[in-house]
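The values are calculated or read from the model by the stated rules, or taken from the named source; none is laboratory data. This is a predicted model, so every value here is computed, not measured. Cβ placement follows ideal geometry from the backbone for every residue including glycine, while neighbour counts extend to all protein chains displayed.
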Amino acid sequence: MNKLILDKAVQEYINSHLNDDVHKIAMAKSPFEGIEARELAVQIAGKNKAAKKLPLWYAKEGIYYPPLLSVEQCSSERTAAYKATLADGESLIDLTGGFGVDSLYFARRFKSVTHCELNAGLSEIAAHNARLLGATNIQFLATDGMNFLKNNKQTFDAIYLDPARRTTAGKVFMLKDCSPNVVEHLDLLLSRSPRIVIKTAPLLDLTAGLKELKNVSEIHIVSVRNEVKELLWVIEEANAGLVKIVCRTINESHKSFSFYKGDEEISHAQLLNGTPSGYLYEPDAALLKSGAFNLVAQVYGLEKLDSQTQLYTAEVLNNRFPGRIFKINRILTAAELKKEKALTGNVIVRNYRDKAENLVKKYKIKADNNKFLLFTQSKTDGYIVIDATIEQHY
């Protein structure tokens, strides 16, 4: 950590060049003695990344940013605030502290937080920023979190960790392929705390994760603007065996849909017998990740277009639904669509025979913020195109 970067003149330079090309800045001569141009570029890139993801950090003068990868990989403030609600008590240890976003939000709920980060430079940066942001109850340790637990008999009310993949090969991965290896050290973790919260990437399959882990009590699928950002696994020493699955959408308004593992298997969705009308319901990405395709229809009183189409319809508008809702204007066949001129709308494809980009070119469809053309398949009418207007975003 180069403390010269915290000088007022340097900070003013960073703020005045936020709209400039960081690559050109990195290649140019630095205007400050003791500071490389590359270091200035890192600060500018990091602050720009924080503008939407970490507004608290962005707004605070004197924040020091690590290399961009650390800012990209850290939690957003929205998701950090949510995961902080998953644990209670007086003490928590964050075994994979990183940039310190999660630790800061945990510190708002716990009396003391221990932040472990193997990279000494990143640990120093996180500690500096925490002081600026008023978090005085976080202890920063530049050490391997798992080794700290092994060599220390201290117990905590909760443990949090975010294992990183050790390999990029293939699309499917297992927790045992991550570092730290949660599967290998689960007994150690449970001996130090009755509640463990593990963050994994959205790519991890729920069934695969449950096969690897024991004592899972809850799985939280967190999405922002219809994109799953995190899977959060809550492990409890005293878990009775039931696994609760929570689909959480974090947007302008927050919505939740929760159920217990096994509920989907005993649920039945009513298939639409006729042409869709009224409103079209598209489940949020968190719901789709959960696999509760029949249960969501049953809970919200919806009819499914087709057994293999994850779109639903109803004559009434229900704003409690976690997902997008469209007002159906008309139903078209592909043949009827060919006769249309000056087509506009965002194209969505669900269980259809072609890709969105191909359909846009084929029918010369121009984008529109509020109008949508949904290419899909229904049990009654086969392949159809639904001309619709957005009623609820996410």
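Which condition breaks for THR167 when tested against (1) out of contact with any Phe, Trp or Tyr (no Cβ under 8 Å at 6 or more places or on another chain); (2) of a type in the set (Ser, Thr, Tyr); (3) modelled with pLDDT under 95?
(1)
Of everything in the stretch 44-78 that's crowded, with 18+ Cβ neighbours inside 10 Å, in contact (Cβ under 8 Å) with a residue 40 or more places away in the chain and more than 23 Å from GLU252 (Cα to Cα), which residue is nearest to the chain's Cα centre (by Cα)?
Checking each candidate, the answer is SER70.
Within the stretch 204-227, identify whether any single residue is acidic (Asp, Glu), in contact with a strand residue (DSSP E or B) (Cβ under 6 Å, 6 or more places away or on another chain) and touching a residue at least 12 places away in the same chain (Cβ under 8 Å), and answer yes or no.
Within the stretch 204-227, one or more residues are acidic (Asp, Glu), in contact with a strand residue (DSSP E or B) (Cβ under 6 Å, 6 or more places away or on another chain) and touching a residue at least 12 places away in the same chain (Cβ under 8 Å).
Under the condition of being under 14 Å from ARG330 (Cβ atoms) and either without any contact (Cβ under 8 Å) to a residue 60 or more places away in the chain or over 27 Å from the mean Cα position of the chain (by Cα) (or both), which residue from the stretch 365-374 is surrounded by the most Cβ atoms within 10 Å (Cβ to Cβ)? Full working, then the answer.
The initial filter retains those residues of the stretch 365-374 that are under 14 Å from ARG330 (Cβ atoms), namely 371-374.
Cutting the leftovers down to either without any contact (Cβ under 8 Å) to a residue 60 or more places away in the chain or over 27 Å from the mean Cα position of the chain (by Cα) (or both) gives us 371-373.
Working: LYS371: 18, PHE372: 22, LEU373: 24.
The extreme case among them is LEU373.
Conditions tested, residue by residue: (1) within 30 Å of GLY241 (Cβ to Cβ); (2) surrounded by fewer than 18 Cβ atoms within 10 Å (Cβ to Cβ); (3) in contact (Cβ under 8 Å) with a residue 12 or more places away in the chain.
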position: GLY274; (1), (2), (3): no, yes, yes
position: PHE293; (1), (2), (3): yes, no, yes
position: GLU303; (1), (2), (3): no, no, yes
position: TYR312; (1), (2), (3): no, no, yes
position: ASN329; (1), (2), (3): no, yes, yes
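What are the residues in the stretch 1-38 that are in contact with a helix residue (DSSP H, G or I) (Cβ under 7 Å, 6 or more places away or on another chain), under 19 Å from ASN119 (Cβ atoms) and surrounded by fewer than 19 Cβ atoms within 10 Å (Cβ to Cβ), if any?
Scanning the stretch 1-38 gives MET1, ASN2, ARG38.
Considering each of PHE148, PHE110 in turn, give the residue that is touching a residue at least 24 places away in the same chain (Cβ under 8 Å), assigned by TED's automatic domain parsing to the domain that holds ARG192 and farther than 22 Å from LEU232 by Cα.
PHE148
If I go through the stretch 228-251 residue by residue, how many of them are closer than 16 Å to ASP162 by Cα, β-branched (Val, Ile, Thr) and free of Cβ contacts under 8 Å to residues at least 60 places away in the same chain?
Selection size over the stretch 228-251: 1.
Conditions (1) under 18 Å from VAL299 (Cβ atoms); (2) under 17 Å from the mean Cα position of the chain (by Cα); (3) not small (Gly, Ala, Ser); (4) not assigned by TED's automatic domain parsing to the domain that holds ALA158, marked per residue:
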| position | (1), (2), (3), (4) |
| --- | --- |
| LYS211 | no, no, yes, no |
| VAL222 | no, yes, yes, no |
| VAL228 | no, yes, yes, no |
| ILE235 | no, no, yes, no |
| ASN251 | no, yes, yes, no |
| GLN270 | yes, no, yes, yes |
| THR275 | no, no, yes, yes |
| GLU282 | yes, no, yes, yes |
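Given the residues THR155, THR143, which is the only one that is at negative phi and touching a helix residue (DSSP H, G or I) at 6+ places or on another chain (Cβ under 6 Å)? Before the answer, list the steps.
Values: THR143 fails: touching a helix residue (DSSP H, G or I) at 6+ places or on another chain (Cβ under 6 Å).
Only one candidate qualifies: THR155.
Does any residue of the stretch 264-286 turn out to be on the phi > 0 side of the Ramachandran plot and at pLDDT 95 or above?
Initial filter on the stretch 264-286 (on the phi > 0 side of the Ramachandran plot): 274, 278.
Narrowing further to those that are at pLDDT 95 or above: 278.
Yes: the stretch 264-286 contains one or more residues that are on the phi > 0 side of the Ramachandran plot and at pLDDT 95 or above.
Among what's in the stretch 253-263 and is loosely packed, with under 15 Cβ neighbours inside 10 Å and in a loop (DSSP other than H, G, I, E, B), pick the residue that is farthest from the chain's Cα centre (by Cα).
Out of the qualifying residues, it is GLY262.
Quick one: is ASN358 free of Cβ contacts under 8 Å to residues at least 12 places away in the same chain and either over 16 Å from GLN310 (Cβ atoms) or surrounded by 15 or more Cβ atoms within 10 Å (Cβ to Cβ) (or both)?
On the way: free of Cβ contacts under 8 Å to residues at least 12 places away in the same chain: yes; either over 16 Å from GLN310 (Cβ atoms) or surrounded by 15 or more Cβ atoms within 10 Å (Cβ to Cβ) (or both): yes.
Criteria met by ASN358.
I'm told GLU90 meets every condition in (1) crowded, with 19+ Cβ neighbours inside 10 Å; (2) under 30 Å from ARG195 (Cβ atoms) except one. Can you identify the failing condition by its number?
(1)
Can you tell which of ASN351, ASN329, ASN346 is within 25 Å of SER267 (Cβ to Cβ) and either more than 25 Å from the chain's Cα centre (by Cα) or not small (Gly, Ala, Ser) (or both)? Steps first, please.
Numbers: ASN329 fails: within 25 Å of SER267 (Cβ to Cβ); ASN346 fails: within 25 Å of SER267 (Cβ to Cβ).
Among ASN351, ASN329, ASN346, only ASN351 is within 25 Å of SER267 (Cβ to Cβ) and either more than 25 Å from the chain's Cα centre (by Cα) or not small (Gly, Ala, Ser) (or both).
I'm trying to understand the selection: among the residues of the stretch 60-83, which are among the β-branched types (Val, Ile, Thr) and in contact with an Asp or Glu (Cβ under 6 Å, 6 or more places away or on another chain)?
THR79
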